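Visitor: Could you have a look at this structure, given as structure tokens, before my questions?
The values are calculated or read from the model by the stated rules, or taken from the named source; none is laboratory data. Quick caveat: nothing in here was measured; it's all calculated off a predicted structure. We place every Cβ from the backbone using ideal geometry, glycine too, and count neighbours over all the protein chains shown.
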Amino acid sequence: MSNFIKNCRLNIASLANKYIVDQTDDDRVQTLINSLHPIACDRGLMRIGSELDGGYLIPDDLDGVEHCFSPGVANASDLEHECAERGMGVFMADKSVDQPAVPHERFHFTKKYIGVTTNDGFMTLDDWVASSVADRESELFLQIDIEGFEYEVFLAASDQLMRRFRIIVAEFHRLDHFWDKPFFNLASRVFDKILQTHSCVHVHPNNWRGSVKKGDIEIPLNMEFTFLRKDRIQNPSYAKTFPHPLDTDNVDYKPTLVLPLCWYRKNG
């Protein structure tokens, strides 16, 4: 065997070993999932937004919430319209479109992306809120669906701002990469940050894409998470029934994707 072939085999073996080493341990993946097991509390869930994609389950706790911030406009504004009809000021941002899908007198639109810095094309979440709302103590609602950029936005947000969001609804993308250690390290820091101030109260898999499975762990690629600030929670217990009666598929032309058992505390 030539030295060239031997070296090629050694290089391939080295790359294979590196790939294995860089995989996240299943125990770490499941521990993170366990921290996101939804909590049930005295405040029941209600549906806000559309019956399909763009609709979410949130706690029935919007009284006193003055403003909704919703980065990522796309072609639907059902949730934002409902918030405006409830009397909230609604702030939307998206550089990829010129205006919200529907008009409303309480809508405020900025043609920028939300990210980790503020410049001609981007704003940080902190700068966006500070430039939009004069009252630094008002209660806020955050709904965010920005196709994978949610991770950097949450990491860049200040702890002070995070505490102002009574309710957070966020679609997290590429969750099947939990087994890739660099991505897992990033994602786990994001979830740990949110869980400092909030508890997960609902999880809904987006059936537009499927799921991946490894042993007893099954992870939908995209999922919608609802968080409620911890000071709003009384008499918590684990939610045990999924799907919730108000859950609906994101798209009606693909099979229903039920939340896998590893994502909630069915017993105990």
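Visitor: Any residue that is farther than 23 Å from I194 by Cα and touching a Cys at 6+ places or on another chain (Cβ under 8 Å) - is there at least one of those in segment 115-122?
Guide: Checked segment 115-122: no residue is farther than 23 Å from I194 by Cα and touching a Cys at 6+ places or on another chain (Cβ under 8 Å).
Conditions (1) more than 11 Å from V203 (Cα to Cα); (2) in contact with an Asp or Glu (Cβ under 9 Å, 6 or more places away or on another chain), marked per residue:
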| site | (1), (2) |
| --- | --- |
| E218 | yes, no |
| L221 | yes, yes |
| E224 | no, yes |
| D231 | yes, no |
| S237 | yes, no |
| K240 | yes, no |
| P245 | yes, no |
| V251 | yes, yes |
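Visitor: Quick test of your reading of the structure: I58 fulfils all but one of (1) among the β-branched types (V, I, T); (2) part of a loop (DSSP other than H, G, I, E, B); (3) surrounded by 18 or more Cβ atoms within 10 Å (Cβ to Cβ); (4) at pLDDT 95 or above. Name the failing condition by number.
Guide: In the conditions (1) among the β-branched types (V, I, T); (2) part of a loop (DSSP other than H, G, I, E, B); (3) surrounded by 18 or more Cβ atoms within 10 Å (Cβ to Cβ); (4) at pLDDT 95 or above, I58 misses (2) alone.
Visitor: Is it the case that segment 87-101 has a residue that's within 30 Å of P236 (Cβ to Cβ) and either of a type in the set (K, R) or more than 21 Å from the chain's Cα centre (by Cα) (or both)?
Guide: Yes, segment 87-101 contains a residue that is within 30 Å of P236 (Cβ to Cβ) and either of a type in the set (K, R) or more than 21 Å from the chain's Cα centre (by Cα) (or both).
Visitor: Look through segment 164-183, keep the residues that are within 20 Å of E224 (Cα to Cα) and assigned to a helix (DSSP H, G or I), and return whichever of them is farthest from the chain's Cα centre (by Cα).
Guide: Within segment 164-183, the first condition is being within 20 Å of E224 (Cα to Cα), and the residues that meet it are 165-179, 183.
With assigned to a helix (DSSP H, G or I) added as a condition, the list becomes 175-179, 183.
Working: L175: 10, D176: 14, H177: 15, F178: 15, W179: 18, F183: 15 Å.
Filtering segment 164-183 for residues that are within 20 Å of E224 (Cα to Cα) and assigned to a helix (DSSP H, G or I), the one farthest from the chain's Cα centre (by Cα) comes out as W179.
Visitor: Restricting the first residue to segment 69-90 and requiring it to be at positive phi, which pairs with a second residue that is part of a loop (DSSP other than H, G, I, E, B) and among the aliphatic types (A, V, I, L, M) meet a Cβ separation below 8 Å and a spacing of at least six or different chains?
Guide: Cβ pairs passing all conditions: G72/I146; A74/V97; A74/A101.
Visitor: Out of the residues in segment 121-163 that are part of a strand (DSSP E or B) and over 14 Å from the mean Cα position of the chain (by Cα), state the one that is surrounded by the fewest Cβ atoms within 10 Å (Cβ to Cβ).
Guide: By that ranking, first place goes to F122.
Visitor: Cβ-Cβ under 7 Å, sequence separation 6+ or interchain: first residue in segment 244-256 and free of Cβ contacts under 8 Å to residues at least 12 places away in the same chain, partner surrounded by fewer than 18 Cβ atoms within 10 Å (Cβ to Cβ). Which pairs?
Guide: none
Visitor: Run down K213, K193 and say which single residue is surrounded by fewer than 19 Cβ atoms within 10 Å (Cβ to Cβ), over 18 Å from the mean Cα position of the chain (by Cα) and among the charged types (D, E, K, R).
Guide: Every option except K213 fails the conditions.
Visitor: Now, a different point. Filter segment 19-55 down to the residues that are more than 22 Å from the chain's Cα centre (by Cα), over 25 Å from L261 (Cβ atoms) and surrounded by 10 or more Cβ atoms within 10 Å (Cβ to Cβ), then identify the one that is modelled with the highest pLDDT.
Guide: Per the stated criteria, the residue is D42.
Visitor: Is it the case that F91 is in contact with a His (Cβ under 7 Å, 6 or more places away or on another chain) and at pLDDT 95 or above?
Guide: Numbers: in contact with a His (Cβ under 7 Å, 6 or more places away or on another chain): yes; at pLDDT 95 or above: yes.
It is true that F91 is in contact with a His (Cβ under 7 Å, 6 or more places away or on another chain) and at pLDDT 95 or above.
Visitor: So which residues in segment 201-247 are closer than 17 Å to E171 by Cβ and out of contact with any strand residue (DSSP E or B) (no Cβ under 9 Å at 6 or more places or on another chain), if there are any at all?
Guide: Result: W208, single match.
Visitor: Got a sec? Which strands (runs of 3 or more DSSP E) wholly within segment 195-244 have at least 1 residues that are farther than 25 Å from F154 by Cα and at pLDDT 95 or above?
Guide: Filter on segment 195-244 gives 211-214, 217-220.
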